[in-house]
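Report on one structure; see the data block that follows.
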Ligand SMILES: [Zn+2]
Ligand SMILES: [Zn+2]
């Protein structure tokens, strides 16, 4: 008998439980879509959830690409700076 967090209240319930003993939702271990993890609180939620029922995070299963984009831009900027300082046309000075 496995335990899963209730899809409504997050309480650990049996996967075989018909209703959640805490909030009374039916099939508490059954999620609408595939089971995913909230990227903020790490609790199990449906992958199609628009909002985490536990912590309220919007798009809890969507991994943002903003961080990656900024990192890529930074890497490119650093590389350009290195190229400039190491034999670029601006390295000579007066
Ligand atoms: Zn519940
Ligand atoms: Zn969450």
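Of everything in the stretch 28-37 that is within 16 Å of ligand 1 (Cβ to nearest atom) and either more than 12 Å from residue 8 (Cα to Cα) or surrounded by 15 or more Cβ atoms within 10 Å (Cβ to Cβ) (or both), the residue that is modelled with the highest pLDDT is 28. The numbered conditions (1) away from ligand 1 (no atom under 15 Å from the Cβ); (2) surrounded by 12 or more Cβ atoms within 10 Å (Cβ to Cβ); (3) at pLDDT below 80 are all true for residue 46 except (1). Within the stretch 61-79, residues that are exposed (fewer than 10 other Cβ atoms within 10 Å of the Cβ) have Cβ atoms under 9 Å from residues that are at pLDDT 80 or above in these pairs: 63/39; 64/39, counting only partners at least 6 apart in sequence or on another chain. Close contacts from the stretch 29-48, counting a first residue that is within 11 Å of residue 6 (Cα to Cα) and a second that is exposed (fewer than 13 other Cβ atoms within 10 Å of the Cβ) and at pLDDT below 75, with Cβ to Cβ under 7 Å and a gap of 6+ residues or different chains, come to 46/32; 46/33. For the stretch 4-16, a residue qualifies if it is more than 10 Å from ligand 1 (Cβ to nearest atom) and either buried (at least 20 other Cβ atoms within 10 Å of the Cβ) or closer than 17 Å to residue 46 by Cβ (or both), and the qualifying residues are 4, 15. Just the residues that are more than 16 Å from ligand 2 (Cβ to nearest atom) and part of a loop (DSSP other than H, G, I, E, B), please, taken from the stretch 1-21. Matches in the stretch 1-21: 1, 2, 15, 16, 17, 18, 20, 21.
The values are calculated or read from the model by the stated rules, or taken from the named source; none is laboratory data. Owing to the predicted nature of the structure, the values given are computational and were not obtained by experimental measurement. Note that we place each Cβ from the backbone using ideal geometry, even for glycine, and neighbour counts take in every protein chain shown.
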